[in-house]
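To start, the structure under review is shown below, and the notes come after it.
The values are calculated or read from the model by the stated rules, or taken from the named source; none is laboratory data. Keep in mind the model is a prediction, meaning the values are calculated, not measured. Counting neighbours? That spans all protein chains shown, and the Cβs are built from the backbone with ideal geometry, glycine included. Areas reflect the complete protein model, heavy atoms only, side chains present, ligands, DNA and RNA absent. Shrake-Rupley method; radii C 1.70, N 1.55, O 1.52, S 1.80 Å.
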Amino acid sequence: MAEDLEGLSVFVAVAETLSFTRAAERLGVTRSSVSQTIRRLEERTGTALLHRTTRTVRLTEAGKYLFDIAQSKLSDLRSAFAVVSEMAGRPTGRLRLAVSSIAETFIEGELLAGFLASHPDILVDILITDAEFDIVAEGYDAGVRLTEAIERDMIAIPVSAEQRQIIVASPTYLARAGEPQHPNDLTQHQCIGWRPSPDVAPYRWEFTENGRDIDVAVNPRVTTNDMGVMLRLARAGAGITCGMAETFAASIAANELKQILADFCPPFAGFQLYYPSRRNMSVNLRALVDYLKGTSFPKTS
């Protein structure tokens, strides 16, 4: 029975990722171990569950049938084990989180350090990603993103204050190029922009004017997917950039950067921890949710 459960867990990981390598990474085992487990499972069932070549993995008809049943049953079993563990009062094991790179309050350390100190038996695995990401399909317990980027069928709780996206530049750049007075003026300036990947258009900078949302395609001189690069270039006088207020707070306080166009940048709802609605939440996720609910965040950033 235990061997069957192990085999099904490995099979579900392969079926969800369609990759022996990614399944091995998720499970923390070797690729050869995954391959051997699938082979033994196919021997016990007497049929092929996967079509595999050197490049692709796909389910057979029998595999699809088994996957549809095994995925939900294993989820129920994991939830049942979590409930039993919770009854014993012992949150333990791994908690997997997918977190936006700009969720400074969450990843700066203090919030997570406090949680870890409260739950010494929990191991936290954090993936920093700004790409579109299905936490359920990828096997993650929860994610952290801005409210507007979270699917409506998810449960979400705040993990930060309200946020404000601001526009900044160094005093040396502004002395040289002048200070824009309206968002549309940005098209005449050197800008440092962001995009999540090379095949995606640069992010359009968003503003509010007289209660109406507007956006500006700034045609940036530099684009990157790294906020640290944007910050350092702006401090060096390479141009104007855009990001969360807390990202630039230290540089503004040190007079390395100056906020501009502040009247067009009102606050908005901040970051939230989100997770799927399930009958039984895992004990580790419940521990994190309870910890965050006991944490107060300011109303404005």
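Quick one: count up the residues across the stretch 28-58 that are assigned to a helix (DSSP H, G or I), over 15 Å from Ala70 (Cβ atoms) and without any contact (Cβ under 8 Å) to a residue 24 or more places away in the chain.
Within the stretch 28-58, residues that are assigned to a helix (DSSP H, G or I), over 15 Å from Ala70 (Cβ atoms) and without any contact (Cβ under 8 Å) to a residue 24 or more places away in the chain number 7.
Output the residues belonging to the stretch 16-43 that are out of contact with any Lys or Arg (no Cβ under 7 Å at 6 or more places or on another chain), closer than 13 Å to Val57 by Cβ and open to solvent by 50 Å² or more (accessible area, probe 1.4 Å).
Glu16, Arg22, Arg31
Condition (residue is modelled with pLDDT under 90 and under 18 Å from Leu285 (Cβ atoms)) applied to the stretch 3-25: is it met by at least one residue?
Scanning the stretch 3-25, I find no residue that is modelled with pLDDT under 90 and under 18 Å from Leu285 (Cβ atoms), so the answer is no.
State whether the residues of the stretch 156-175 include one that is assigned to a loop (DSSP other than H, G, I, E, B), among the acidic types (Asp, Glu), free of Cβ contacts under 8 Å to residues at least 40 places away in the same chain and open to solvent by 50 Å² or more (accessible area, probe 1.4 Å).
no
Given Arg212, Arg204, Arg232, which one is more than 23 Å from Thr147 (Cα to Cα), open to solvent by 50 Å² or more (accessible area, probe 1.4 Å) and among the charged types (D, E, K, R)?
Being more than 23 Å from Thr147 (Cα to Cα), open to solvent by 50 Å² or more (accessible area, probe 1.4 Å) and among the charged types (D, E, K, R) holds for just one of Arg212, Arg204, Arg232, which is Arg232.
Just checking, how many residues over the stretch 237-275 are within 16 Å of Val144 (Cα to Cα) and loosely packed, with under 15 Cβ neighbours inside 10 Å?
1
Give me the pairs, please: first residue somewhere in the stretch 88-99 and more than 14 Å from Ile128 (Cα to Cα) and surrounded by fewer than 21 Cβ atoms within 10 Å (Cβ to Cβ), second residue anywhere and among the hydrophobic types (A, V, I, L, M, F, W, C) and at pLDDT 80 or above, beta-carbon distance under 6 Å, and either six or more positions apart or on two chains.
From the stretch 88-99, the pairs are Arg94/Leu123.
Quickly run through the stretch 96-141 and pick out the residues that are closer than 16 Å to Ala161 by Cα, touching a Ser or Thr at 6+ places or on another chain (Cβ under 9 Å) and assigned to a loop (DSSP other than H, G, I, E, B).
Ser100, Ile102, Ala103
All but one of (1) modelled with pLDDT of 70 or more; (2) not in a helix (DSSP H, G or I) hold for Gly89; state the number of the condition that does not hold.
Unmet for Gly89, out of (1) modelled with pLDDT of 70 or more; (2) not in a helix (DSSP H, G or I): (1).
If you scan the stretch 94-111, which residues turn out to be touching a strand residue (DSSP E or B) at 6+ places or on another chain (Cβ under 8 Å), modelled with pLDDT under 90 and of a type in the set (A, V, I, L, M, F, W, C)?
Across the stretch 94-111, the qualifying residues are Ile102, Ala103, Phe106, Ile107.
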